[in-house]
There are 2 protein chains.
Amino acid sequence: MKTLSSRDNPTVRQLRLLAEDAREQRRQGRTLLDGPHLVSTYRQRVGLPRLLVVSESGLDKPELEALLALHPGQETLCLKDSLFREISGTAAPVGILALIDIPATPPGPARGSCLLLDAVQDAGNLGSILRTAAAAGLGDIFLGPGCAGVWTPKVLRAGQGAHFSLAIRERADLAAVIRGYPGRVLTTAVEGGQSLYALDLRGSVAWLFGSEGRGVDSSLASLAQGRVTIPLISEMESLNVAAAAAICIYESVRQNGNVFGSSA
Amino acid sequence: MKTLSSRDNPTVRQLRLLAEDAREQRRQGRTLLDGPHLVSTYRQRVGLPRLLVVSESGLDKPELEALLALHPGQETLCLKDSLFREISGTAAPVGILALIDIPATPPGPARGSCLLLDAVQDAGNLGSILRTAAAAGLGDIFLGPGCAGVWTPKVLRAGQGAHFSLAIRERADLAAVIRGYPGRVLTTAVEGGQSLYALDLRGSVAWLFGSEGRGVDSSLASLAQGRVTIPLISEMESLNVAAAAAICIYESVRQNGNVFGSSA
């Protein structure tokens, strides 16, 4: 395998651009998976990447050797460690990246319970919400134009592979999705909504969550059929949006009897 | 007010060290609050800071003017914008920081329901868990030695002021806390535990949550009275630790009838 050491190599330059820039990812329709967990999840659920990239020191790690063996015939590039670190966003990269095509936006309206996100900008929060949604068995995710780029390496890392079991639409017209949704659309309000625990959440629900700072845009919120308040014992506090989403989504799981769960 | 522009000014140097280094925070017993929300929450719940620091352009903002007016006689320092940005960890700082003494570690054992955290290293997760704990009315938080520095500006920012309504112990001996706890200690397990929704959570519970990668240390987990599994509809997924904590803590809130809640 060839080891590249030049920052000016065109492939290296393309990888660097993809690592840094959500617009570039959209323009190319490609992104990077960082680390063995994401690379292995992608192979299990989607297939082979366009390209694997390993660091020179990564080649010696048994964990990566085993992972490479699962990709026979795969085009693979080796980078000097210093160059690899420039592309990987992690402080101590394990030493493997995959260049993949961003999955195509699935056509059609929402099926069953789903998630609508308005201007969720923190990568960690967005990835955590996707993990919760995937774990709870939700299928469709609609992201409004103000959300963080969902296929950026940071959000992919925080999502821990959840991206590949969800049907994700970026830059969705959330108002149109709400108007066309056949079930109930519920959104959260810090106060004044119905208590989460007084609601009947059986059946299809589209949950609409808003930005970290401002909450859900008020014109969008007014289209929802219900406003839900998570009871705060200490009224001086508020919840992180990913924590609030986890609490609401899992109250739905509980009320729907968790019929597919392995341990209930 | 004097405007400082030199990186070599001793106070500027002290602020820079505090902004960057958790050990330095511990050594000095001080830390920095970044942004008007934290500064104002601190004033409401604790008192006046040692020092306020504003950026030159921040002085013109009505929001900061109003906040400064709430601190009469307060020692305040103005920094050139470029210098301020070096100290503030945020991409677009509003322009106010407070230097505070880290609150003293409260003495005595845990009272009522509480939280034990083992090696939670991500600042965003740690802050989010503190917000959830404070919102749910928990009082005592015990952090094992492997956790991120809880008084770092990043964790403070993610905590959104929750730090000031909790009794936080850093570098706690979690095994000793578990052994001395008068109620039940529950921990989470990805599989094989009792379903969260099959448990009676009334009364005092100490929740023990573990690190992002490895979960709870097995010798600590073996001291807990119960292992709880959050049902995963899709077994290929897992939950972010802050999402898992929110789900568990709020299931306790629900079962305990949310007696102090404003909206149930």
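The values are calculated or read from the model by the stated rules, or taken from the named source; none is laboratory data. Predicted, not measured: the structure shown is a model, and the values here were computed from it. Backbone-built Cβ (ideal geometry, glycine too); neighbour counts: all protein chains shown. Remember, those area values only see protein heavy atoms, side chains included, never the ligands or the DNA or RNA. Shrake-Rupley method; radii C 1.70, N 1.55, O 1.52, S 1.80 Å.
Which three extents, in whole angstrom, do the alpha-carbon atoms of segment A:3-101 cover along their principal axes, largest first?
On the principal axes, segment A:3-101 reaches 32, 29, 25 Å in Cα extent.
Just round it to a whole percent: the fraction of Cα-Cα distances in chain A exceeding 26 Å. Mind showing how you got there, number by number?
On the way: 15756 of 34716 pairs.
Value for chain A (Cα pairs over 26 Å): 45 percent.
Taking each residue in A:123-134, count the Cβ atoms of any other chain within 10 Å of its Cβ, then average. What number comes out?
4
Quick one: putting +1 on the C-beta of Lys and Arg, -1 on the C-beta of Asp and Glu, what dipole do you get for chain A around its Cα centre, in Debye to the nearest 20? Write down the numbers at each step before the final one.
Working: 26 positive and 25 negative charges, 126 e Å.
Using Cβ point charges on Lys, Arg, Asp and Glu, chain A gives about 600 debye.
Evaluate peptide B:190-196: per residue, the Cβ atoms of other protein chains within 10 Å of its Cβ; return the mean as an integer. Provide the component values of the computation, followed by the final result.
Details: counts 1, 2, 2, 1, 2, 6, 6.
The mean count of partner-chain Cβ atoms within 10 Å per residue comes to 3.
One decimal, nm, shortest first: give the distances between the label point of A:Arg214 and those of the same position in the other copies, each label point 7 Å from Cα along Cα→Cβ.
Shortest to longest, the spacings are 4.4 nm.
Return the whole-Å distance between the Cα centroid of segment A:40-83 and the Cα centroid of segment A:235-252.
What the calculation gives is 37 Å, centre to centre.
Along the charge dipole of segment B:40-136, which of B:His71, B:Ser113, B:Gly124 sits closest to the positive end, that is, farthest toward it, with unit charges on the beta carbon of Lys, Arg, Asp and Glu (+1, +1, -1, -1)?
Selected residue: B:Ser113.
Pick from B:Pro231, B:Pro103, B:Pro62: which is most flexible by mean-square fluctuation in a GNM of chain B where alpha carbon atoms under 10 Å apart are linked?
Per the Cα network of chain B with a 10 Å cutoff, B:Pro62 tops the list.
Using a 1.4 Å probe on the protein heavy atoms only, what accessible surface does A:Glu86 show? Give it in Å² to the nearest 10.
80
Inside 10 Å of the C-beta atoms of B:245-252, what's the mean count of C-beta atoms belonging to other chains?
Numbers: counts 2, 13, 11, 2, 2, 12, 4, 0.
Taking all residues of B:245-252 together, the mean is 6.
For chain B, what does the relative contact order come out to in percent, with C-alpha contacts under 8 Å and a separation of six or more?
Details: 475 pairs, mean separation 48.8, N = 264.
Relative contact order here is 18 percent.
Nm distances between the label at A:Arg50 and the same-position labels in the remaining copies, 7 Å along Cα→Cβ, shortest first?
The answer, with the shortest distance listed first, is 5.2 nm.
Which helices of chain B meet both criteria: a Cα extent of 15 Å or more along the helical axis and a mean Kyte-Doolittle score no lower than 0.5, with helices taken as whole DSSP H segments?
Working: long enough: B:10-20 (16 Å, -0.08); B:123-135 (18 Å, 0.69); B:241-255 (21 Å, 1.02).
Long hydrophobic helices here: B:123-135, B:241-255.
For segment B:129-171 and segment A:136-166, compute the distance between their C-alpha centroids and round to whole Å.
So the separation of the two Cα centres works out to 27 Å.
How large is the charge dipole for segment B:15-98, taken about the Cα centre, if only the Cβ atoms of Lys, Arg (+1) and Asp, Glu (-1) carry charge, to the nearest 20 debye? Could the numbers behind the result be given before it?
Details: 11 positive and 11 negative charges, 88 e Å.
Value, rounded to 20: 420 debye.
For Cα pairs less than 8 Å apart in space and 6+ apart in sequence, what is the mean separation divided by the residue count of segment A:114-255, i.e. the relative contact order in percent? Show your work: numbers first, answer last.
Values: 263 pairs, mean separation 41.2, N = 142.
Here the relative contact order equals 29 percent.
What is the antiparallel percent of DSSP beta bridges lying wholly in the protein assembly as shown, to the nearest 5? Working shown, then result.
Working: 20 of 72 bridges.
Counting DSSP beta bridges with both partners in the protein assembly as shown, the antiparallel share is about 30 percent.
Given a 1.4 Å probe, show me the residues in segment A:224-242 buried by at least 40 Å² of accessible surface when comparing the whole protein assembly to the chain alone.
The answer is A:Pro231, A:Ile233, A:Met236, A:Glu237, A:Ser238, A:Leu239, A:Asn240 - residues whose exposure falls by at least 40 Å² when every protein chain is included.
If the label for A:Gly192 sits 7 angstrom from Cα along the Cα-to-Cβ line, what are its distances to the same label in every other copy, in nm to one decimal, shortest first?
Shortest to longest, the spacings are 5.0 nm.
Taking N as the number of residues in the protein assembly as shown, what is its Cα Rg relative to 2.2 N^0.38 Å?
On the way: Rg = 23.7 Å, N = 528, 2.2 N^0.38 = 23.8 Å.
After normalising by residue count via 2.2 N^0.38 Å, the value is 1.00.
Express as a percent, rounded to the nearest 5, the fraction of DSSP beta bridges in chain A (both residues included) that run antiparallel.
Working: 10 of 36 bridges.
Of the beta bridges lying entirely in chain A, close to 30 percent run antiparallel.
Average projected area of the Cα convex hull of segment B:139-264, in nm²? Before the final figure, lay out each step's value.
On the way: hull surface 35.1 nm².
Result: 8.8 nm².
Select from A:Gly215, A:Leu201, A:Ile168 the residue farthest towards the positive end of the dipole of segment A:114-255; place +1 on Cβ of Lys and Arg, -1 on Cβ of Asp and Glu, and compute about the Cα centre.
A:Ile168
Rounded to the nearest 5, what % of DSSP beta bridges with both residues in segment A:3-101 are antiparallel?
Numbers: 9 of 15 bridges.
Counting DSSP beta bridges with both partners in segment A:3-101, the antiparallel share is about 60 percent.
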